[in-house]
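Derivation of every value follows stated rules applied to the coordinates shown; laboratory data play no part. Bear in mind that the values here come from a model prediction, so they are computed numbers and not experimental data. Every residue, glycine as well, gets a Cβ built from its backbone with ideal geometry; the counts of neighbours run over all protein chains shown.
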Amino acid sequence: MLILTRKTGEGIVLNDNVTIRVVEISKGVVKLGFDAPKETLILREELARAIKESNIEASRHVETELLLSLSQKLK
């Protein structure tokens, strides 16, 4: 993990097309601004984790026969 210190108004650039900027720091809360292309997905960590867990759970309930049927139709 890379740890950087930034002040209000300072930023970090990722892959030449995403900038993360410290907008405000107040009472232990940091507000960040993201400047990125529209197609770039930006999620809060807890939401990304919930989506991942939901996808894992959904994949456990897939019926094998249904998958085989879909596989045959795609051939």
Fill in the blank from the handout: Karplus ³J(HN,Hα) for the range 44-54 (6.51 cos²θ - 1.76 cosθ + 1.60, θ = phi - 60°; Hz, whole; x = Gly/Pro) runs 5, 4, 5, 6, 4, 5, 5, 5, 4, 5, 5
Handout entry: Cα-based convex hull volume of the chain per residue, rounded to whole Å³
Key = 170
Exercise for the section: Compute the relative contact order of the chain as a whole-number percentage, counting only Cα pairs closer than 8 Å that sit 6 or more residues apart in sequence. Expected result: 16
Fill in the blank from the handout: Measuring from the longest principal axis of the C-alpha atoms of the chain, the long axis of helix 64-74 (C-alpha) lies at a number of degrees, nearest 10, equal to 90
Problem - Net lengthening on full extension, V30/R44 (0.36 nm per residue, minus Cα-Cα) - result: 3.7 nm
Exercise for the section: Sum -39500 (n - 2.57) across every DSSP H segment of at least 4 residues in the chain, then divide by the residue count to get the 222 nm mean residue ellipticity, nearest 500. Expected result: -11500 deg cm²/dmol
Handout entry: Reach of K7 by Cα under 19 Å, taken over lysines that are not fewer than 8 positions away in the same chain
Key = K27, K31
Handout entry: the chain: GluC sites (Glu not before Pro) in DSSP coil with no more than 13 other Cβ atoms inside 10 Å
Key = E10, E39, E63
